[in-house]
Amino acid sequence: MNGKRRTLRIGIELISDPTWMGGVLYLQNLAICLSRLPVDERPHIELFGAPDVVGKFLTENRLLDGSGRKAGLLPRIARKFGLTIAEPAIDVVYPGFGREVEGAVTMRWIPDFQHRYLPHLFSADEIAARDRSIAELAAKPGVIVFSSEVAAADFRSFYPNHSATPRVWHFCSLLETSETNDEAIVENFGLPAKFLYLPNQFWAHKNHIAVLKALAHLKRDHGLLIPLVCTGAQSDRRNEGHFAGLLAFIKENGLTDQVKLLGLIDRRAQVEVFRQAAAIVQPSLFEGWSTVVEDTRAIGRPIFLSDLPVHREQDPTHCTYFDPHEPSDLAAKLASAWVGLVPGPNKASELEARRDMERRILDAGRVFQDITRQALGIDRA
């Protein structure tokens, strides 16, 4: 296309849900990706959501000056960075969780089809409701965004006669590692000098039990004690007894002194735990596009990763895959690698990861704008 493209006006719905941090961070990272584009490419971004949610996001991501200014100054300060909280006319609202704007296209997001692969984790009513809502979207013209090629392929398979156009947007994490690490944050948690880090909320499909069984096996049969640190919301609305069952396993297998459960911690503290971990472990049985993998990539730490198609698609560096259904496989790979793993932070790895992250941020922002233009029927590829 010749000439300058007109500036897109994109509305992003920010959410606050401690039980779904992946969704919270996904939308925050999208807003940051778009705001980091060069000025001549950057869209006008509207942030929708509760004022406290939007204000907290702007402050924590340094899109606010950090001086504790009153909320009334948020729009002016945010505009300085290409973000506003007002509501002028916009082109697209995303991801269509509830906010609609007259005259704007609502672009939808479907992270994955977990309910099709792990139906035992859902009630019959939940499965029917999800299938019904997705079928309605599939039957209408318009763009639907998926988090992975795996999910987009599932959509085409499950809805072969769809009228909607599937597009894939791979989000990336944006983490600050340029400053000296704050050791005090980790010290306040009382963490060991060397530890394995599992940053997943305690839903059944996140598969913490596989890691606990691997650690119990290593302790019992090899005398190897690997400290494990876990963060994340400690509840599962679909399985109220799940967390209690994990606690019972920890106690019964003598892992109480070996496993540290921190609960849900703030993002800044979590980044420091990531940076100082010897390695990350992600044992999940199902993901749409793993935030844990993207966070690990952004910091350049090694990761032990469940062997899922979507994790292969993410393809992080410094990765060791294991069978999530076989704790003995993880145990063997941990036993082989643990002595050689060194606690972070690793400045060289962080610098390399930061350079890659900056490139990926720009790529992600440009791809999302391309998807938005397609949804609007302009500048179609």
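Against the condition modelled with pLDDT under 95, open to solvent by 10 Å² or more (accessible area, probe 1.4 Å) and small (G, A, S), how does G377 come out, does it pass? The answer is yes for G377.
Looking at L308, is it surrounded by 15 or more Cβ atoms within 10 Å (Cβ to Cβ) and in contact with a His (Cβ under 6 Å, 6 or more places away or on another chain)? Here the answer is no, as L308 does not meet what is asked.
Out of F274, F304, one residue alone is in contact with an Asp or Glu (Cβ under 9 Å, 6 or more places away or on another chain) and under 16 Å from N200 (Cα atoms). It is F274.
Mind listing just one residue for me: the one in region 22-53 that is of a type in the set (A, V, I, L, M) and in a loop (DSSP other than H, G, I, E, B) and, of those, least open to solvent (accessible area, probe 1.4 Å)? Please lay out each step first, then the result.
Within region 22-53, the subset of a type in the set (A, V, I, L, M) is 24-25, 27, 30-32, 34, 37, 39, 45, 47, 50, 53.
Adding the requirement that they be in a loop (DSSP other than H, G, I, E, B) leaves 37, 39, 50.
Details: L37: 1, V39: 113, A50: 47 Å².
Among residues in region 22-53 that are of a type in the set (A, V, I, L, M) and in a loop (DSSP other than H, G, I, E, B), the one least open to solvent (accessible area, probe 1.4 Å) is L37.
Within region 255-284, being in a loop (DSSP other than H, G, I, E, B) and more than 23 Å from S336 (Cβ to Cβ) holds for T256, D257, L264, I265, D266. Scanning region 328-348 for residues that are touching a Pro at 6+ places or on another chain (Cβ under 9 Å) and assigned to a helix (DSSP H, G or I), we see that the one that is farthest from S306 (Cα to Cα) is A337. Does region 128-148 hold any residues that are at negative phi and in a loop (DSSP other than H, G, I, E, B), and which are they? Passing the criteria: A139, K140, P141, S147, S148. For region 9-21, the criterion of being open to solvent by 50 Å² or more (accessible area, probe 1.4 Å), aliphatic (A, V, I, L, M), assigned to a helix (DSSP H, G or I) and modelled with pLDDT under 90 is met by at least one residue. Among the listed residues L218, L198, which satisfies the condition of being at pLDDT 95 or above, surrounded by 15 or more Cβ atoms within 10 Å (Cβ to Cβ) and in contact with a His (Cβ under 7 Å, 6 or more places away or on another chain)? Every option except L198 fails the conditions.
Remark: pairs (first residue in region 209-237, under 24 Å from Q276 (Cβ atoms) and among the β-branched types (V, I, T); second residue part of a loop (DSSP other than H, G, I, E, B) and open to solvent by 50 Å² or more (accessible area, probe 1.4 Å); Cβ separation under 8 Å; 6+ apart in sequence or on different chains) = V229/F189; T231/L264.
Could you tell me how many of the residues in region 164-184 are open to solvent by less than 60 Å² (accessible area, probe 1.4 Å), part of a loop (DSSP other than H, G, I, E, B) and not acidic (D, E)? Lay out the reasoning, then the answer.
Filtering region 164-184 for residues open to solvent by less than 60 Å² (accessible area, probe 1.4 Å) gives 164-169, 171-175, 177, 181-182, 184.
Going one step further and asking which of them are part of a loop (DSSP other than H, G, I, E, B), we end up with 164, 169, 171-175, 177, 181-182.
From what is left, the residues that are not acidic (D, E) are 164, 169, 171-175, 177, 181.
Matching residues across region 164-184 total 9.
Set side by side, the residues V281, V292 differ, and just one is surrounded by 22 or more Cβ atoms within 10 Å (Cβ to Cβ) and farther than 18 Å from P192 by Cα, which is V292.
Just one of the listed residues (N161, N188) is among the polar types (S, T, N, Q), modelled with pLDDT of 95 or more and open to solvent by 20 Å² or more (accessible area, probe 1.4 Å), namely N161.
G103 falls short on exactly one of the conditions (1) part of a helix (DSSP H, G or I); (2) free of Cβ contacts under 8 Å to residues at least 40 places away in the same chain; (3) open to solvent by 40 Å² or more (accessible area, probe 1.4 Å), and that condition is (1).
The values are calculated or read from the model by the stated rules, or taken from the named source; none is laboratory data. Since the model is a prediction, treat every value here as computed from it, not as a measurement. Note: ideal-geometry Cβ built from the backbone for every residue, glycine included; neighbour counts use all protein chains shown. Surface accessibility is based on the protein's heavy atoms, side chains included, excluding ligands, DNA and RNA. Shrake-Rupley method; radii C 1.70, N 1.55, O 1.52, S 1.80 Å.
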